[in-house]
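Structure first, then comments.
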Amino acid sequence: MRLLVCGGAGFIGSNFVRVRLRDHGDEIVVLDKLTYAGRRENLAGLDVGFVHAGIEDAPAVAGAIDGVDAVVNFAAETHVDRSIAEPDAFVTTHAVGTWVLLEAARAAGVRYLQVSTDEVYGSIEDGSFTESSPLAPSSPYSATKAGADLLVSSYFHTFNLPTLICRGSNNYGPYQYPEKLIPLMVLNALHGDRLPVYGDGMQVRNWLYVEDFARGIGHVLEHGTPGEAYNVGGPDECPNIAVVKRIIELCGADEGLLEYVTDRPGHDRRYSLGSEKVRALGWEARTNFDEGLEQTVGWYRDNPAWWEPIRSGDYREYYERQYGSRLEE
Ligand code: NAD
Ligand code: DAU
């Protein structure tokens, strides 16, 4: 296929591009704004076209969509803590950006896949969300992602645009920006820095290895029914504190680095996705959490050239704003 991959210079997008080139020989153009989370280095050595633009930039999108078979949209602001501190870009990218892409896909008459998240369903105490569970997002991140999902569905119902939505659970693996729990804890543990666990650390996430999500998205793009949403959940659930303790072990760090800090406001307690619908299409997760976490720690340990420039740049200011006073309390 010829694909326009928006947000393809980020964590999941670049892993998706790698999987599609390797396993399917697709022709790919990446369109990416290169925010703090997007890096050309994530696509190093890959044979792809590249357009440096935001998805909200209609002329750039119209140019990039020319001749493709489908659009896959990963472009987003993705960190919940940043959405609490500064929601502006979340609204622009998720609402306006998604609308611009949908209009372009409609004009070009091409299939459109929106990459979404389990967070649109909110928190669940027991059991798992299905695709027909109500959307009940809690943060500015998840609320704007839910808004984007609804806009996507409206283009199917109103304009008959062949749309698909993939809702993934918490991803981890190579190339994840170290603001997210796993890479942040791995790099801190390797450096002997403190490990800030929010609240009581008993929040549960449903961990999905990034390559499994990438394959799931490709699978839905090829075999999904237009107008439908598909949950793509990980095989294992785990409380945050157990994740952090396992990282301490894998990194050979000291458990004394663990620090319970002030909780995230509006923190969702548990996510859990039922993925029967995508399994019925023939997708399965291949990597369990134990194995995937060990590989991920190995990747960060072996690739300081990837994370050193991040840790020594603007990230330090972000880190200080996010954790400075929490760690002093
Ligand atoms: P990321 O933050 O690593 O990457 C986001 C990418 O989007 C970056 O390359 C960034 O430069 C680009 N981008 C941001 N705003 C843009 C804009 N206006 N125009 C064009 N490009 C823009 O994010 P990720 O973790 O790879 O997430 C990708 C997608 O998957 C997002 O839509 C996210 O909501 C969804 N998702 C993420 C997870 C997860 O655990 N990380 C789980 C489920 C779903
Ligand atoms: O569930 C899918 C979502 O997973 C994606 O849609 C988001 O883009 C992605 O960021 C992620 O959201 P979370 O908020 O679950 O991920 P994060 O890595 O920020 O946090 C995971 C858990 O760890 C959460 O309960 C908060 C906690 N946490 C996080 C950080 C960064 C800590 O305890 N300490 C931390 O320093």
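Worth pointing out:
- The single condition among (1) open to solvent by less than 10 Å² (accessible area, probe 1.4 Å); (2) outside any strand (DSSP E or B) that residue 166 does not satisfy is (2).
- Of all residues in region 179-197, those that are within 9 Å of ligand 2 (Cβ to nearest atom) and under 20 Å from the mean Cα position of the chain (by Cα) total 7.
- When 128, 132, 139 are checked against the criterion of being touching a residue at least 60 places away in the same chain (Cβ under 8 Å), open to solvent by 50 Å² or more (accessible area, probe 1.4 Å) and outside the structural domain of residue 291 (by TED's automatic domain parsing), a single residue qualifies: 128.
- Options 98, 93; residue that is of a type in the set (Val, Ile, Thr), within 16 Å of ligand 2 (Cβ to nearest atom), within 15 Å of the chain's Cα centre (by Cα) and in a helix (DSSP H, G or I): 93
- Single residue of region 139-163 satisfying the filter (of a type in the set (S, T, N, Q) and within 17 Å of the chain's Cα centre (by Cα)) that is farthest from residue 278 (Cα to Cα): 139
- Taken over region 33-42, the criterion of being of a type outside the set (Gly, Ala, Ser) and either surrounded by 16 or more Cβ atoms within 10 Å (Cβ to Cβ) or more than 7 Å from ligand 1 (Cβ to nearest atom) (or both) is satisfied by 33, 35, 36, 39, 40, 41, 42.
- Flag if residue 78 is over 22 Å from residue 39 (Cα atoms), in contact (Cβ under 8 Å) with a residue 24 or more places away in the chain and within 14 Å of ligand 2 (Cβ to nearest atom): no
- Residue satisfying all of: in region 169-178; open to solvent by less than 30 Å² (accessible area, probe 1.4 Å) and either within 12 Å of the chain's Cα centre (by Cα) or among the aliphatic types (A, V, I, L, M) (or both); farthest from ligand 2 (Cβ to nearest atom) among these: 173
- Picking from residues in region 1-32 that are in contact (Cβ under 8 Å) with a residue 60 or more places away in the chain and under 20 Å from residue 313 (Cα atoms), the one that is most open to solvent (accessible area, probe 1.4 Å) is 11.
- Scope region 11-42; condition within 22 Å of residue 216 (Cβ to Cβ), assigned to a helix (DSSP H, G or I) and acidic (Asp, Glu); matching residues: 23
- Within region 43-57, tally of residues that are among the hydrophobic types (A, V, I, L, M, F, W, C), within 11 Å of ligand 1 (Cβ to nearest atom) and not in a loop (DSSP other than H, G, I, E, B): 2
The values are calculated or read from the model by the stated rules, or taken from the named source; none is laboratory data. Nothing here was measured: the structure is a model prediction, and the numbers come from that model. Glycine also receives a Cβ, built like all others from the backbone with ideal geometry; neighbour counts cover every protein chain displayed. Quick note on the areas: whole protein, heavy atoms, side chains included, nothing else; ligands and nucleic acids left out. Shrake-Rupley method; radii C 1.70, N 1.55, O 1.52, S 1.80 Å.
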